[in-house]
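What follows is one structure encoded as structure tokens, with my remarks underneath.
The values are calculated or read from the model by the stated rules, or taken from the named source; none is laboratory data. Note that the coordinates shown come from a computational prediction; the quantities given were computed from them, not determined experimentally. Cβ: placed from backbone, ideal geometry, glycine included. Neighbour counts: every protein chain shown. To get the accessible areas, we keep the full protein, side chains included, count just its heavy atoms, and leave off ligands, DNA and RNA. Shrake-Rupley method; radii C 1.70, N 1.55, O 1.52, S 1.80 Å.
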Amino acid sequence: MSSIAQQHTSTFSVRDLELKLKQVRLAHPEQSLPSPPSSDSGSSSPKQDSEESYFLRSLKECLAIYEESSRPRSQSLALLSDEEVIMLANNGSIATYALEKVFGMDQLERAVRIRRAILSRASATGTLETSSIPYENYDYSRVLGACCENVVGYIPIPLGVAGPLTVDGKQYPIPMATAEGTLVASTSRGCKALNAGGGVSTVLVGDGMTRGPAIDFPSAIQAGKAKAWIDSNEGHAALREAFESTSRFAKLKSLKTAIAGRTLYVRFATTTGDAMGMNMISKGTEKALEAMQKRFPEMLVLALSGNYCTDKKPAAINWIEGRGKSVVAEAVIPGHVVKTVLKTTVRDLCNLNVKKNLMGSAMAGSIGGFNAHAANILTAIFLATGQDPAQNVESSMCMTLMEPTGLNGEDLLVSVTMPCIEVGTVGGGTVLAPQQGVLDMLGVRGAHPQQPGQNAQTLARIIASAVLAGELSLLSALAAGHLIKAHMAHNRSQINTPAASVPVTPGAGFVSRV
């Protein structure tokens with residue numbers, strides 16, 4: 001036997017080949033265990049028994065195959081059926097969360113399928129393994145290490161397109177991922193009215209992602225000295241140099257400081273190119289704090305995020321100072337369009353906007369909630385374009401304003417002011433193929449080749465303009481009394497509502513409709 005043949009024999013035996021051929025016959029997981037004998041077939045033949053008993057090997061045999069040191073673990077797993085891998089995982093030989101790592105990049109879907117089975121069989125309901133939650137034909141390589149862990153599938157959301165809407169002289173489709181009937185149709189009506197007046201004009205009044213660490217000092221006096229140093233030209237320059245050394249896109253714009261007792265808060269604000277920027281600014285902030293600690297060795301960084309940022313929480317500082325992209329979108333709607341398309345009047349719209357969006361929100365003590373439903377439109381676009389949906393908390397902060405304009409006040413001047421639109425066109429969920437397809441549709445996928453940050457800014461302008469369309473349409477429906485009629489027509493499933501998993505106990509005041 002030649003040396004080459006001997007080498008191949010040592011790494012892949014005839015036994016391995018036989019196991020691999022058997023594995024091919026088990027391509028479908030439901031065939032991993034032997035089927036029960038047919039009721040009319042009598043006892044099975046010795047040959048059939050021999051074949052079926054081979055399908056699920058003992059734990060000892062599976063461990064021997066899996067732990068064979070002459071080949072990678074991924075190759076060993078390819079020789080085992082799904083049920084045998086599940087047995088190894090249940091035995092603790094393979095961590096369920098690490099299935100993708102041991103299977104390798106070319107077997108990611110199989111890893112997801114096996115995890116579904118493991119988790120399903122360990123749960124009270126046992127439904128996941130055979131559920132309608134899809135998992136096949138998805139590019140999990142984009143998810144791994146970037147978007148999600150312990151993956152068991154994906155959740156499809158209906159994607160609609162409102163518009164098109166003219167924004168700064170250019171037409172854009174408005175992509176909206178939503179399960180709320182009437183939302184896309186209503187936004188389209190708003191787009192129609194806005195286009196009739198020449199479209200939407202936008203202005204970007206700010207661009208800066210923020211991070212606000214909490215830093216403890218032994219005393220308030222020492223915290224005050226550190227604050228004074230940061231506020232000085234010397235301190236600002238030192239922190240900027242350290243901060244900007246971490247990325248060519250991270251440009252420190254401002255530092256805002258505040259003290260509570262002996263704890264110092266520093267709000268770093270920076271441009272982040274076309275990325276939403278949380279990772280970028282966190283890295284820069286960490287480097288700046290390292291430089292600061294050389295000056296103040298007694299300081300203790302309690303948290304890189306001390307809630308002075310503020311991320312994913314309503315906060316007055318975001319409403320006042322801005323976070324992410326700060327955009328104002330404005331349009332003029334001719335009076336006849338208000339009557340024919342929106343089915344209401346300029347006077348009624350302006351009155352409703354003041355009483356509902358301004359006075360009503362003030363009565364409720366709202367922070368940045370001076371709008372009808374900005375979060376509806378913004379979140380639908382966030383989901384469609386791969387943004388962080390949790391950031392709708394601050395991103396949907398919005399003030400909607402309406403006033404009569406033109407000759408005798410016959411036309412409508414409408415605007416939305418949104419100081420905290422936190423979006424990016426690179427990183428995060430924008431690496432997923434469907435979301436990239438939506439960004440392609442808008443012409444803002446990835447980093448802008450000549451002007452870093454312009455794609456993300458354009459996306460923010462589109463979002464603010466779409467919010468303007470949604471606000472205009474909903475307020476018109478409310479003013480005209482059409483809201484309930486529209487929802488009854490478009491937001492009621494024609495499929496019988498399934499029974500609840502647990503019978504609902506009638507509460508007090510329940511009246512049977514028999």
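Each residue, Ala362 and Ala185, gets one label point 7 Å from its Cα in the Cβ direction; the gap between the two is 3.6 nm. Of all aspartates and glutamates in the structure, the ones whose alpha carbon falls short of 17 Å from that of Lys356, not counting any fewer than 8 places away in one chain, are Asp348, Glu403, Glu471. Under 15 Å from the Cα of Lys60, which aspartates and glutamates turn up, not counting those fewer than eight places away in the same chain? Cα-Cα hits under 15 Å: Glu68, Glu83, Glu84. Taking every protein chain into account, the accessible area of the stretch 166-248 amounts to 42 square angstrom per residue (probe 1.4 Å). For Ser232 and Lys313, the FRET efficiency from 1/(1 + (r/R0)^6), where r spans their Cβ atoms and R0 equals 45 Å, is about 0.90.
With contacts taken as Cα pairs under 8 Å and at least 6 residues apart, the stretch 383-485 reaches a relative contact order of 25 percent.
Ranked by solvent-accessible area (1.4 Å probe, protein heavy atoms only, all chains present), the residues Arg240, Arg110 order from largest to smallest as Arg240, Arg110. Among residues other than Thr210 with Cβ under 9 Å from its Cβ, the summed charge is +2 (Lys and Arg +1, Asp and Glu -1).
Return the carbon/sulfur percentage of the accessible area of the stretch 65-161, one whole number, probe 1.4 Å, all protein chains in place. On the stretch 65-161, the fraction of accessible area on carbon and sulfur atoms equals 51 percent.
Within the accessible area of the stretch 401-485, the carbon and sulfur atoms contribute 53%, probe 1.4 Å, all protein chains present.
The peptide list 257-263, 122-128, put in order of mean Cβ contacts within 10 Å with the highest first, becomes 257-263, 122-128. Near Gly409: Cβ cut-off under 10 Å, other residues only, Lys/Arg at +1 and Asp/Glu at -1. The net charge is -2.
Per residue, how large is the accessible surface of the stretch 329-432? Use a 1.4 angstrom probe and give square angstrom.
Details: 3950 Å² over 104 residues.
Per-residue accessible area for the stretch 329-432 comes out at 38 Å².
The stretch 406-473 and the stretch 162-180 have Cα centres separated by 9 Å. Of the residues Ala375, Val354, Gly365, the one whose Cα sits farthest towards the positive end of the charge dipole of the stretch 332-404 is Val354 (charges of +1 on Lys and Arg Cβ, -1 on Asp and Glu Cβ, taken about the Cα centre).
Spatial offset of the stretch 201-242 relative to the stretch 306-344 amounts to 27 Å, using the alpha carbon center of each.
Taking K and R as +1 and D and E as -1, what net charge do the other residues with C-beta under 14 Å from the C-beta of Asp139 add up to?
Numbers: positive: Arg142; negative: Glu100, Asp106, Glu109, Glu136.
Once all neighbours under 14 Å are counted, the net charge is -3.
Partner lysines whose Cα lies under 30 Å from the Cα of Lys227, excluding those fewer than 8 positions away in the same chain, are identified as Lys251, Lys253, Lys256, Lys283, Lys287, Lys294, Lys312, Lys313, Lys325. Magnitude of the Cβ-charge dipole of the stretch 163-271, K/R +1 and D/E -1, about the Cα centre, nearest 20 debye? The dipole of the stretch 163-271 has a size of about 60 debye.
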